[in-house]
1. May I ask you to list pairs of residues, at least six apart or on different chains, whose Cβ atoms are under 8 Å apart, with the first in region 22-46 being under 17 Å from Pro12 (Cβ atoms) and the second being assigned to a strand (DSSP E or B) and polar (S, T, N, Q)?
2. Would region 149-158 turn up any residue that is surrounded by fewer than 20 Cβ atoms within 10 Å (Cβ to Cβ), modelled with pLDDT of 90 or more and under 17 Å from the mean Cα position of the chain (by Cα)?
3. Which of the residues that make up region 58-74 are free of Cβ contacts under 8 Å to residues at least 40 places away in the same chain and either buried (at least 19 other Cβ atoms within 10 Å of the Cβ) or touching a Pro at 6+ places or on another chain (Cβ under 8 Å) (or both)?
4. Could you give me the residue pairs with C-beta distances under 6 Å whose first residue belongs to region 157-185 and is without any contact (Cβ under 8 Å) to a residue 40 or more places away in the chain, whose second residue is more than 16 Å from ligand 2 (Cβ to nearest atom) wherever it lies, and which are 6+ apart or on separate chains?
5. State which residue pairs qualify: first residue touching a residue at least 24 places away in the same chain (Cβ under 8 Å) and inside region 242-267, second residue of a type in the set (Val, Ile, Thr) and surrounded by 18 or more Cβ atoms within 10 Å (Cβ to Cβ) in any location, beta carbons under 8 Å apart, and separation of 6 or more residues or different chains.
6. Where residues in region 36-51 are within 16 Å of ligand 1 (Cβ to nearest atom) and among the aliphatic types (A, V, I, L, M), which of them is surrounded by the most Cβ atoms within 10 Å (Cβ to Cβ)?
7. Specify which of the listed residues (Arg79, Arg114, Arg57) is charged (D, E, K, R) and either in a loop (DSSP other than H, G, I, E, B) or within 16 Å of ligand 1 (Cβ to nearest atom) (or both).
Amino acid sequence: MEVARRVLTTEPIIEVKGLSAEYGGQLIYDDVTFQVKRGEIFFIAGDSGGGKSTLLRQMIGLQPIARGSIQICEWDIERELGGGASAPKLYHEIGVAFQGGALFGSRTILENVRLPLEQFTPLPAKLMDFVALTKLRLVGLEGAAQKLPAELSGGMQKRAALARALALDPQIVFLDEPSAGLDPLTSAGLDALIKEFNRDLGTTFVVVSHELPSIFALADRVALLAASMHRVVAIDTPEALRDNPRSAWARAFFHRDATAAQAAAIKGPSPTVGTPMKGASA
Ligand SMILES: Nc1ncnc2c1ncn2[C@@H]1O[C@H](COP(=O)(O)OP(=O)(O)OP(=O)(O)O)[C@@H](O)[C@H]1O
Ligand SMILES: [Mg+2]
């Protein structure tokens, strides 16, 4: 039997350069720079309020960019999603599941998953239903297609949001806290689904999460945003961050040591560190 192999490349599919975010003139983070490689599972982690959701919203064009730039595939996000000619193409290539799931409460699960197809494809109605049902089957929710979101458990809602994010077979899927509030078994099930899509379809994932088990199960690399330092303190594999001798804050985060994190923040930032991706091939 042939076993599907991961397609992990060194080709950047997302490039974030010198990025800042502010709300009402208040700085959230500054000078964030990283690349996500095609086929990678890239995590954005850090303490609450550091700007993880803000960064994700900037990457999908929902949040103004104070300084810096974001490039996805060959497109500049600010230009395209500010009314550029390629916006529809770009929307085709990205799928998103927001922190709260953001399913439409008055629509059935099937209708929710159909939405991106209605917005971005000219498919006939029956074919849209077929595609949406196929995605629901992939996440194990075919039987809940006619239910409303409120009739589903939290874990089922998260899976429905994932099915909707995958509706258009995008190249990149952005997930904000996909397993927050889930029990460890449901959370592990969701991790397995993400791993499967990544391996079988080569989908690139950008996942916002501070769930350490998910990070170690899935992440090729992690960017760590520290609220108190207003910056990405380190980007590396989870194992390297956990054992990193050069970033006290990263070590403190991975060892759940609040006192050490506070001390590291008072001492000030150490240089951003990183090593090449594990398992990368050209
Ligand atoms: N719409 C907004 N208006 C003003 N301030 C905001 C807004 N959204 C977020 N913030 C502030 O920006 C900072 C970063 O928020 P964000 O939601 O991006 O953090 P986060 O890292 O995702 O946190 P969490 O882990 O709790 O989800 C916080 O201090 C928050 O209060
Ligand atoms: Mg958030």
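The values are calculated or read from the model by the stated rules, or taken from the named source; none is laboratory data. All of these numbers come straight from a predicted model, not from anything done at the bench. When we count neighbours, we look across all protein chains shown, and the Cβ atoms used for this are built from the backbone with ideal geometry, even at glycine.
1. Within 8 Å, the pairs are Val32/Ser20; Val36/Thr204; Lys37/Thr204; Arg38/Thr204; Gly39/Thr204; Glu40/Thr204; Ile41/Thr204; Phe42/Thr204.
2. no
3. Within region 58-74, Gln58, Gly61 qualify.
4. Close Cβ pairs satisfying both conditions: Arg159/Val139; Arg159/Leu141; Ser179/Ser187; Ser179/Leu190; Gly181/Gly154; Leu182/Gly155.
5. Ser247/Val233; Trp249/Val233; Ala250/Val233
6. Ile44
7. Arg57
Residues are listed down the side, and each one gets a yes or a no for (1) at pLDDT 90 or above; (2) over 19 Å from Leu190 (Cα atoms); (3) among the charged types (D, E, K, R):
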residue: Leu81; (1), (2), (3): no, yes, no
residue: Gln99; (1), (2), (3): no, no, no
residue: Leu103; (1), (2), (3): no, no, no
residue: Glu111; (1), (2), (3): yes, yes, yes
residue: Gln119; (1), (2), (3): no, yes, no
residue: Gly140; (1), (2), (3): no, no, no
residue: Gly143; (1), (2), (3): yes, no, no
